[in-house]
Amino acid sequence: MRSVEVVMTGRGGPEVLDVRERDVPAPGRGRVLVRTEAAGVAFSEVQMLRGRYLNQPRFPFVPGYDLVGRVAAVGEGVDAALVGRRVAAMTRFGAWSELVEVPARHLVPVPEEVDAGEAVALVTNGVTAWQMAHRAARVKAGDTVLVQGAAGGVGTLLAQFAGAVGARVIGTASAGKHDALRELGVEPVDYRGDLASAVRRLAPEGLDAVFDHVGGQGIRALWPLLRRGGTLVSYGSRSTLKDEGHPLRPYLPLAARVLAWSLLPNGRRAKFYYVRPTATFRSDLKTVLSLLRDGELDARVAHRLPLDRAAEALGLLVDGGVTGKVVLDA
Ligand SMILES: NC(=O)c1ccc[n+]([C@@H]2O[C@H](COP(=O)([O-])OP(=O)(O)OC[C@H]3O[C@@H](n4cnc5c(N)ncnc54)[C@H](OP(=O)(O)O)[C@@H]3O)[C@@H](O)[C@H]2O)c1
């Protein structure tokens, strides 16, 4: 079978993406070929463009963190009844392709009623947001939480999950996105300027949870905003995108700080979160997809472009004007 795919050919801007065609071999043992309906575009691919994503393959490679599609062929040892089934998977790399080989055990069924673009917006980001809200911080009714980047792919979902249990959500975004945050029931704050003072004015009694994907110096000012029993969840290091050297380096001081906070006897907790394709991931993705099917979750797809316009799609995230998720239709 022939497949069109998008190749990241080297470091640079979105212009380094190239659209190619290749023959796809039959899937290996325990694996399936999925014909992609929609694939996600994420900030991780911006990091990959800069060579700043941990464990990214050597250039050239096909990026693409997640997909929704239909099983087109199965390898040895996989139930042939899977052919034709609608599925989702978190691939980390490789999803920007019409045909993608995936381990069969990573597949999650996708309800026929939901739109593929909306479903794919929930694969990595939905589970990340769900697990941070419900497993890492255990947000509950009456809590006050701070969501950094609340207009982003993860942030729009995290804000909804926290709001759905009855928490008060304060969210950061650039000023142009504050109306979109209010629509989601979020109290907006600009992350530029003295963020800690602005949040303290809104919530002088302190916060029950802080979700931060920025790291750097800024996260140090957020820790004292937590009240007793509160949890800080660190899940990214956006502030170090332009650093040079090994991509792990910026995470070391952040890891040391989070570890120190978590060990200090101060009545607050600090955690790292990293999404992994485990059985819990698959179970949480089923839950999140069922919320979409039942109309209880807004997937916030901001832009949809065809696969062969991936460079344009990634450019939208590089430029930073997006509220919600960017999706590629294959
Ligand atoms: N640990 C994990 O398992 C995991 C999983 C998924 C994603 N992530 C991380 O989560 C982050 C968000 O991913 P995404 O795909 O949702 O990205 P995204 O759609 O680009 O959203 C990121 C948001 O961050 C905001 N932002 C930019 N600079 C900021 C700053 N200095 N302070 C606060 N907010 C700022 C942007 O808002 P404006 O446009 O208004 O500036 C943007 O809306 C990324 O860092 C990604 O690597 C981690």
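May I ask you to list the residues in the range 26-43 that are outside any strand (DSSP E or B) and touching a residue at least 60 places away in the same chain (Cβ under 8 Å)? Pro27, Gly28, Gly30, Ala42, Phe43 - these are the residues of the range 26-43 that are outside any strand (DSSP E or B) and touching a residue at least 60 places away in the same chain (Cβ under 8 Å). Kindly indicate whether Tyr251 is closer than 30 Å to Arg50 by Cα, open to solvent by 40 Å² or more (accessible area, probe 1.4 Å), at pLDDT 95 or above and within 12 Å of the ligand (Cβ to nearest atom). So Tyr251 fails the test.
Is there a residue in the range 82-89 that is in contact with a helix residue (DSSP H, G or I) (Cβ under 6 Å, 6 or more places away or on another chain), open to solvent by 10 Å² or more (accessible area, probe 1.4 Å), more than 15 Å from the ligand (Cβ to nearest atom) and farther than 30 Å from Thr240 by Cα? No. Taken together, the residues in the range 99-150 that are more than 29 Å from Arg269 (Cβ to Cβ) and not small (Gly, Ala, Ser) amount to 18.
All of Gly267, Gly320 fail the test of being modelled with pLDDT under 95 and assigned by TED's automatic domain parsing to the domain that holds Val68, apart from Gly320.
Taking the criterion of being part of a loop (DSSP other than H, G, I, E, B), under 24 Å from Val154 (Cα atoms) and open to solvent by 50 Å² or more (accessible area, probe 1.4 Å), the only residue of the range 90-111 that qualifies is Phe93.
Results for (1) open to solvent by less than 60 Å² (accessible area, probe 1.4 Å); (2) more than 18 Å from Met48 (Cα to Cα), shown as yes or no for each residue.
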{"residue": "Ala255", "(1), (2)": "yes, yes"}
{"residue": "Leu259", "(1), (2)": "no, yes"}
{"residue": "Gly295", "(1), (2)": "no, yes"}
{"residue": "Ala310", "(1), (2)": "yes, no"}
{"residue": "Asp319", "(1), (2)": "no, no"}
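Look at (1) open to solvent by less than 20 Å² (accessible area, probe 1.4 Å); (2) away from the ligand (no atom under 11 Å from the Cβ) and you find that Ser237 fails only one, number (2).
The values are calculated or read from the model by the stated rules, or taken from the named source; none is laboratory data. What you are looking at is a predicted structure, and each value in this text was computed from that prediction instead of being measured. All Cβ positions, even for glycine, are placed from backbone atoms using ideal geometry, and neighbour counts span all protein chains on display. Accessible surface is based on the protein model in full, side chains and every heavy atom, while ligands, DNA and RNA are left aside. Shrake-Rupley method; radii C 1.70, N 1.55, O 1.52, S 1.80 Å.
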